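Structure first, then comments.
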Amino acid sequence: MTMPDWLASLHNQLGPAGLLTNPANVEPYAIDWRRLFPGKPLAVARPANTGEVSAIVKLCHAHGVAIVPQGGNTGMAGGAVPDASGGELVLSLSRMNTIRSIDPVGMTLEAEAGVILKTAQDAAAHVGRLLPISLAAEGSAMIGGIVSTNAGGLNVLRYGMTRALVLGLEVVLADGTVVNGLRHLRKDNAGYDWKQLFIGSEGTLGITTAAVLRLLPQPKDSVTALLSVPNPQAALDLLACLQNTLGDSITACELMAGFSLDLVEKHFSFSRPIADGEWFVLIEAASTLSGLREAAETALGDALEQGFALDGTVAESGRQATELWQWRERITESEAKEGKSVKHDVSVPIPQIPAFLVAADEALARLQPGTRVNCFGHLGDGNLHYNVLITDHHPDAVNAVVHDVVQRFGGSISAEHGIGQYRVAELARRRAPEEQALARRIKMALDPDDLMNPGKVLPRHLQDVS
Ligand SMILES: Cc1cc2nc3c(=O)[nH]c(=O)nc-3n(C[C@H](O)[C@H](O)[C@H](O)COP(=O)(O)OP(=O)(O)OC[C@H]3O[C@@H](n4cnc5c(N)ncnc54)[C@H](O)[C@@H]3O)c2cc1C
């Protein structure tokens, strides 16, 4: 098939590494990590700098071609892949992978969108600083994707979501205009803080080309412990008890059902470091000051005495800590190896977690008795991945049952993974009309032709519904 003239001119401009059209080369960009949303890209543009991103967007704008930005393609909501029409251009940021600066005094890191999160973390660590965004996909997820999904992850309890760590952004708007807001400032109340609109917008308002991220002092000492707890309420009591003693040095508190560990054991042949149980908590504390280990061991002893925890093990070395974290980090992959699942990434007010779990289990049992649920998540953030292993029912029916319970508890149907294409209909069904109308007005103001990642976050063809 011959290339349209505008695409041929783009090919000349970007060169063979900058524009992929051959089906075999395009194929890896066409489907999401979960392999649930196969698409068909028109082509894949791989710009090397912000100027090239702008040129691509201007051309697409002139020719009415939709653009789907893609980072590491580890997103859980099918946001980074095109539809099946063959008419959408994937714009991969992967060649824009330069860390532009690291400032250990001002504690900032400026990176292009295609820098892999782990690379940025390592660069910060190299100068004694911490980039605290951490998630199991950090070896592939990129800064642009992290910012565009407002990623959460393992350290939100102490450091907040990505939004809390972004100081400045450079974006390319839907008409190709470059807006440079790469300020390295802690305080900046000069006018609208427009970058907040782009953080978490999943590529639907424009393309993030670079970001300035806030760094923190690198902790000198950390303690990691895996504990079994009798039930989710005890897990909350355990967290409160440890927070009373260790304060905000607790960086992560992860809840895992015994079934989640069963899956990891089965698919990765790990052997359990503590006795079997119904629920587990993985907890990590970190501090720049000395004395953390003694304080943590005393606090954990108290928690065991009070019955909040039944059994536990504390890592004695960095290697052991990594091994304990493997139990948490391998859950998603183990679930994928077990088979298909209907995923939920929900949040409820933290004290409601135990009651939510009872209500959701009961509602699912009414839909289909004996359903297997792989439940794990960020206890300290009220964020649970309540994943239902495949049932006889259509995923929409399972979603509806779980999300009804979430709504009843005043929760969110997407705590950290975003909406992508996976949850567009659910969000449209459940958000108040006023909030939806406001979202449409923002989209229409920034992308009136609906060319930036159409059909993600919001339904397509907004003109028809506004
Ligand atoms: C094993 C595993 C564990 C995970 N754990 C977590 C977790 O704990 N917490 C969490 O929040 N997420 C988690 N995720 C989800 C995922 O890693 C995050 O959403 C991550 O932020 C996506 O980054 P990415 O570069 O892969 O983005 P992609 O998947 O490529 O894109 C995600 C979205 O952002 C848009 N986008 C990407 N780059 C840009 C850009 N430069 N400009 C504009 N839009 C852009 C895409 O269009 C898409 O809508 C996990 C995923 C996996 C596979």
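How many angstrom lie between the Cα centre of the stretch 36-89 and the Cα centre of the stretch 117-191?
Result: 21 Å between the Cα centres.
In 10 Å bins starting at 0, how do the alpha-carbon pair distances of the stretch 64-157 split up by percent?
Going out from 0 Å in 10 Å bins, the stretch 64-157 shows 16, 44, 27, 10, 2 percent.
Kindly provide the Kirkwood hydrodynamic radius of the stretch 221-332 in Å, to one decimal, from all pairs of distinct alpha carbon atoms.
Here the Kirkwood hydrodynamic radius works out to 14.0 Å.
Whole Å is fine, so just give me how far the alpha carbon centre of the stretch 295-329 lies from that of the stretch 400-466.
40 Å
Rounded to the nearest 0.05, what FRET efficiency do Thr322 and Leu389 have when you use their Cβ-Cβ distance and R0 = 25 Å?
Computed FRET efficiency for Thr322 and Leu389 comes out at 0.35.
What ranking of Ser412, Ser85, Ser347 emerges when the number of other C-beta atoms within 10 Å of each C-beta is taken as an exposure proxy, fewest first?
Ser85, Ser412, Ser347
Explain nothing, just the number: dipole magnitude of the chain about its Cα centre with +1 on each Lys and Arg Cβ and -1 on each Asp and Glu Cβ, in debye rounded to the nearest 20.
960 debye
Could I have the simple spin-label model distance between Asp188 and Val358, label points 7 Å from Cα toward Cβ, reported in nm to one decimal?
Modelled inter-label distance: 4.8 nm.
Taking K and R as +1 and D and E as -1, what net charge do the other residues with C-beta under 13 Å from the C-beta of Gln368 add up to?
Around Gln368, the charge tally is -1.
Let me have the relative contact order for the chain, percent, based on Cα pairs under 8 Å that are six or more residues apart.
Taking the mean separation of contacting Cα pairs over the length of the chain, I get 15 percent.
Given 20 °C and 1.002 mPa s, compute D for the stretch 5-92 with the Stokes-Einstein relation, Rh being the Kirkwood radius over Cα pairs; round to the nearest whole µm²/s.
166 µm²/s
Run the dipole for the stretch 340-425 about the Cα centre, Lys and Arg Cβ at +1, Asp and Glu Cβ at -1, nothing else charged, and hand back the magnitude in debye, nearest 20.
Using only the charged Cβ atoms, the result is roughly 100 debye.
How big is the stretch 99-217 along each principal axis, measuring the range of its Cα positions in Å and listing the largest first?
39, 29, 26
Which of Ala66, Val156, Leu236 sits farthest toward the positive end of the charge dipole of the chain, with +1 on the Cβ of Lys and Arg and -1 on the Cβ of Asp and Glu?
Checking the options against the dipole of the chain, the answer is Ala66.
For each of Trp325, Trp279, Trp194, count neighbouring Cβ atoms within 10 Å of the residue's Cβ, then give the residues from fewest to most.
Starting with the residue having the fewest Cβ neighbours, the order is Trp194, Trp325, Trp279.
For the chain, find the longest principal axis of its Cα atoms and tell me its angle to the long axis of helix 292-305, 0 to 90°, nearest 10.
60 degrees
Over the stretch 340-425, with a single point scatterer placed on each C-alpha, what log10 of the ratio I(q)/I(0) does the Debye formula yield at q = 0.14, 0.22, 0.26 1/Å?
-0.41, -1.07, -1.49
Modelling each spin label as a point 7 Å along the Cα-to-Cβ direction, I'd like the Ser101/Val179 distance in nm, to one decimal.
2.2 nm
Between Ser9 and Arg372, what's the calculated FRET efficiency when r is the beta-carbon distance and R0 is 60 Å? Round to 0.05.
Approximately 0.65, to the nearest 0.05.
Please give every one of the lysines within straight-line cross-link reach of Lys266, meaning a C-alpha to C-alpha distance under 29 Å, and leave out same-chain neighbours fewer than 8 residues apart.
Partners found: Lys118, Lys337, Lys340, Lys343.
Expressed as a rounded percentage, what relative contact order does the stretch 221-332 have, with Cα pairs under 8 Å and six or more residues apart?
47 percent
Only helical DSSP H runs with n ≥ 4 go in: add -39500 (n - 2.57) per run for the chain, normalise by residue count and round the 222 nm mean residue ellipticity to 500 deg cm²/dmol.
Estimated from H runs of four or more residues: -10500 deg cm²/dmol.
In percent, how large is the relative contact order of the stretch 36-118, given Cα pairs closer than 8 Å and 6 or more residues apart?
35 percent
How many nm is it between the label spots at Asn231 and Asp248, if each spot is 7 Å from the Cα in line with the beta carbon?
For the pair Asn231/Asp248, the computed spacing is 3.3 nm.
Kirkwood hydrodynamic radius (Cα pairs, Å) of the chain?
Hydrodynamic radius (Kirkwood, Cα only) of the chain equals 23.3 Å.
Arranged by the count of other C-beta atoms within 10 angstrom, fewest first, what order do Met76, Met444 take?
Listed from fewest to most nearby Cβ atoms, that is Met444, Met76.
Rule-based calculations on the coordinates, nothing more; no lab input. Quick caveat, the model's predicted, so the values are computed rather than measured. Virtual Cβ from ideal backbone geometry, glycine too; neighbours counted across all protein chains shown.
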